[in-house]
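The values are calculated or read from the model by the stated rules, or taken from the named source; none is laboratory data. None of the values given here were measured: they were computed from a predicted structure. Don't worry about glycine lacking a Cβ; one is built from the backbone with ideal geometry, like all the others, and counts go over all protein chains shown. All accessible areas refer to the heavy atoms of the entire protein, side chains included, with ligands and DNA or RNA removed. Shrake-Rupley method; radii C 1.70, N 1.55, O 1.52, S 1.80 Å.
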Amino acid sequence: MEHGQAPQSIPAALTDPATGAATLSRPVCAYPLAARYTGHGSTDQARNFTCEPASKAD
(Lines give C-alpha, C1' and ligand atoms only; values in the text may rest on other atoms or scores of the structure.)
Protein backbone atom coordinates (compact mmCIF):
# COMPACT_ATOMS: atom_id res chain seq x y z
CA MET A 1 0.00 0.00 0.00
CA GLU A 2 1.12 3.48 -0.78
CA HIS A 3 -0.62 6.56 0.56
CA GLY A 4 -3.39 4.35 1.99
CA GLN A 5 -4.32 2.75 -1.36
CA ALA A 6 -3.47 -0.65 -2.81
CA PRO A 7 -1.75 -0.56 -6.22
CA GLN A 8 -3.81 -1.21 -9.36
CA SER A 9 -1.07 -3.55 -10.60
CA ILE A 10 2.23 -5.11 -9.61
CA PRO A 11 4.96 -5.62 -12.22
CA ALA A 12 6.08 -9.21 -12.82
CA ALA A 13 9.02 -10.44 -14.91
CA LEU A 14 10.31 -13.70 -16.32
CA THR A 15 14.09 -13.87 -16.25
CA ASP A 16 16.54 -16.02 -18.19
CA PRO A 17 18.27 -18.19 -15.57
CA ALA A 18 21.51 -18.23 -17.56
CA THR A 19 21.86 -14.46 -17.90
CA GLY A 20 19.52 -13.04 -15.27
CA ALA A 21 18.06 -10.72 -17.93
CA ALA A 22 14.32 -10.06 -17.98
CA THR A 23 12.86 -11.68 -21.08
CA LEU A 24 9.19 -10.89 -20.49
CA SER A 25 7.28 -8.58 -18.18
CA ARG A 26 3.59 -8.07 -17.51
CA PRO A 27 1.47 -6.21 -15.01
CA VAL A 28 -0.35 -8.42 -12.50
CA CYS A 29 -3.64 -6.57 -12.15
CA ALA A 30 -5.84 -6.30 -9.08
CA TYR A 31 -9.02 -8.36 -9.35
CA PRO A 32 -11.36 -7.96 -11.22
CA LEU A 33 -9.00 -6.29 -13.72
CA ALA A 34 -6.92 -8.16 -16.31
CA ALA A 35 -3.83 -7.23 -18.34
CA ARG A 36 -4.76 -6.21 -21.89
CA TYR A 37 -2.30 -5.60 -24.73
CA THR A 38 -2.58 -2.04 -26.07
CA GLY A 39 -1.90 -3.16 -29.62
CA HIS A 40 1.38 -1.25 -29.83
CA GLY A 41 4.93 -2.32 -29.10
CA SER A 42 6.33 -5.64 -27.96
CA THR A 43 4.06 -8.15 -26.21
CA ASP A 44 7.09 -8.96 -24.02
CA GLN A 45 7.06 -5.58 -22.23
CA ALA A 46 4.69 -4.63 -19.42
CA ARG A 47 4.55 -1.00 -20.56
CA ASN A 48 2.49 -2.15 -23.55
CA PHE A 49 -0.32 -3.49 -21.34
CA THR A 50 -3.03 -1.81 -19.31
CA CYS A 51 -5.27 -3.13 -16.53
CA GLU A 52 -8.88 -3.25 -17.70
CA PRO A 53 -12.05 -4.99 -16.55
CA ALA A 54 -11.99 -8.68 -17.48
CA SER A 55 -14.57 -9.86 -19.97
CA LYS A 56 -16.81 -12.84 -19.25
CA ALA A 57 -14.92 -14.81 -21.94
CA ASP A 58 -11.72 -14.72 -19.85
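Quick notes
- When only Cα pairs below 8 angstrom with a gap of at least 6 residues are kept, the chain shows a relative contact order of 27 percent.
- In order along the range 6-15, the phi-based Karplus estimate (6.51 cos²θ - 1.76 cosθ + 1.60, θ = phi - 60°) of 3J(HN,Hα) comes to 6, x, 6, 8, 10, x, 10, 9, 9, 10 Hz; Gly and Pro are listed as x.
- 3J(HN,Hα) along the range 31-39, derived from phi through the Karplus expression 6.51 cos²θ - 1.76 cosθ + 1.60 where θ = phi - 60°, amounts to 4, x, 7, 9, 6, 10, 5, 6, x Hz, with x in place of Gly and Pro.
- Global form of the chain, assessed from the alpha-carbon gyration tensor, a/c cut-off 1.5: oblate
- 3J(HN,Hα) along the range 18-30: 6, 10, x, 7, 6, 9, 7, 9, 8, x, 9, 8, 5 Hz, from the Karplus curve 6.51 cos²θ - 1.76 cosθ + 1.60 with θ = phi - 60°, whole Hz, x for Gly and Pro.
- Ordering of 38-47, 19-28 by burial proxy (mean other Cβ atoms within 10 Å per residue, highest first): 19-28, 38-47
- For residue 45, nonlocal amide neighbours, meaning residues 5 or more places apart or on other chains whose placed amide H falls under 5 Å from its own, are 25.
- Carbon/sulfur fraction of accessible area - the chain, other protein chains in place, 1.4 Å, %: 56 percent
- Solvent-accessible area per residue, Å², over the chain with all protein chains present [probe radius 1.4 Å]: 79 Å²
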